[in-house]
Amino acid sequence: MTSSGPSMKEKLFNLAVSNIVSNAVSIGQRLNLFKTLSEISSEKNPVLPEQLAEAAGCKERYVREWCNCMGCAEIIEVNEEEKFWIKEENVDALANSCFELVMNGMMAPLLEPIDSLVECFKKEGPLGLEYSQFSNFQSFMGTMSQALHEKHVVSDMLPAIGNGIVEKLEAGGVRVLDVGCGSGFHSSLLAEQYPKAHFVGLDIGSDAIKQAKERKTKAGTIFNNLEFIECDAGKMPEIWTDSFDLVLIFDACHDQCRPDLCVQEIHRVLKPNGTFAMVEVLGSSNVYTDKSTMGSLAAMMYGCSMFHCLPVGSNCSEALCMGAMWGQKRAVDLLKKCGFPEVRVLDTPYFPINLMYCAQKI
Ligand SMILES: C[S@@+](CC[C@H](N)C(=O)[O-])C[C@H]1O[C@@H](n2cnc3c(N)ncnc32)[C@H](O)[C@@H]1O
């Protein structure tokens, strides 16, 4: 009997190749090599690596090796004269920092503490990892959130929350909290869009808050309706009770050690009839279902969780150890237990890896 598809050895080899090519793609994105190549070349006018290196401000020898890797992997095109170009139909994906391109940069920051992660697996090993062990995580996450969410937060996500949120933000005078704000991408985007509303970004990480405070408006000025606070979401300031009209979380509940305390605190700091909207990773809370409904996206997100979300969310003895793929059932159960008896689960097809949970404080 012949089996269909590649053998396991072929599959493993292809994985190893993809891993290397993927990281090389990320180098091209970080150095603007794709964008530069798209600007200086075409099928009719292919260029030598030295021309690309010159235009990108890089060394020829390194750029030549990168071009050779990208050409052999059929990411860019190469001809017999060893000249390169990007196919017209591939320019948009390669030159414009889409989510699919940016994702190729995920593994470098996540692999930084890999030896410590291996120790975490062992029975006598540490419980988990510190955020500080991932020194480039916050800036990468900011780039990824921008690629994932920028185009749809204002136009699609906010109207989907309902409860007159868009009108309230436009009218002004409302207070909005962004929990686990990271480097502040979402709160800054919203603060710029709604200058009459006041935004607070909260994060436990000092490096996150430092980066967030350095953010400026697109025009280059400092926001005057936005503040950032270093604080544990499970223990927010006492004076915040009943003070926020809207609390948002973007991909930042599952990787807290105590997401239950965080949601209880969100309930406390919301005004009566205030709105809670949580954007979280897609998932059903059952790996078999995830495999059949999400396919390779499920493998990717369980993997990201294993490398980062699970170890940072397991790093104390009382941790709930959720992981990124905690899924809809566990998330709804947690929200119900922590003060929100009615939870709406909304599909967010414009966010490729997310869905959204919405609830009111009664
Ligand atoms: C995956 S990142 C998401 C960051 C940001 N919301 C975004 O989407 O770009 C999760 C964030 O949650 C923060 N975080 C984790 N545990 C926290 C806690 N107990 N209190 C506040 N923030 C926490 C981390 O520091 C990190 O910035």
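The values are calculated or read from the model by the stated rules, or taken from the named source; none is laboratory data. If you're wondering where the values come from, they're calculated on a predicted model, not measured in any experiment. Cβ coordinates were reconstructed from backbone atoms using ideal geometry, including for glycine residues, and neighbour counts include every protein chain displayed. Only protein heavy atoms, including side chains, enter the accessible area calculation; ligands, DNA and RNA are left aside. Shrake-Rupley method; radii C 1.70, N 1.55, O 1.52, S 1.80 Å.
For the reader, a short list of remarks on this structure follows.
- Failed criterion for Asn163 (all others in (1) within 23 Å of Val343 (Cβ to Cβ); (2) more than 13 Å from the ligand (Cβ to nearest atom); (3) part of a helix (DSSP H, G or I); (4) not basic (Lys, Arg) hold): (3)
- Scanning the range 299-313 for residues that are within 13 Å of Arg258 (Cα to Cα) and among the aliphatic types (A, V, I, L, M) yields Leu310, Val312.
- Hey, Ala324 open to solvent by less than 40 Å² (accessible area, probe 1.4 Å) and either among the aromatic types (Phe, Trp, Tyr) or touching a helix residue (DSSP H, G or I) at 6+ places or on another chain (Cβ under 9 Å) (or both) or not: yes
- One residue stands out in the range 225-259 among those that are of a type in the set (Asp, Glu) and within 16 Å of the ligand (Cβ to nearest atom): the one that is nearest to Ile161 (Cα to Cα), namely Asp251.
- When Ile222 is tested against (1) under 20 Å from Met141 (Cα atoms); (2) of a type in the set (A, V, I, L, M, F, W, C); (3) more than 12 Å from the ligand (Cβ to nearest atom); (4) outside any strand (DSSP E or B), exactly one condition is not met: (1).
- The residue that is farthest from the ligand (Cβ to nearest atom), among those in the range 312-354 that are touching a residue at least 24 places away in the same chain (Cβ under 8 Å) and β-branched (Val, Ile, Thr), is Val332.
- Filtered residues of the range 144-160 (kept if within 16 Å of the ligand (Cβ to nearest atom) and part of a helix (DSSP H, G or I)): Met144, Ser145, Gln146, Ala147, Leu148, His149, Val153, Val154, Met157, Leu158
- In this entry, Ala277 passes the filter for residues that are within 15 Å of the ligand (Cβ to nearest atom) and small (Gly, Ala, Ser).
- Hey, Cys262 in a helix (DSSP H, G or I) and either within 13 Å of the ligand (Cβ to nearest atom) or modelled with pLDDT under 95 (or both) or not: yes
- Count - residues of the range 176-202 that are more than 16 Å from the ligand (Cβ to nearest atom) and touching a helix residue (DSSP H, G or I) at 6+ places or on another chain (Cβ under 9 Å): 5
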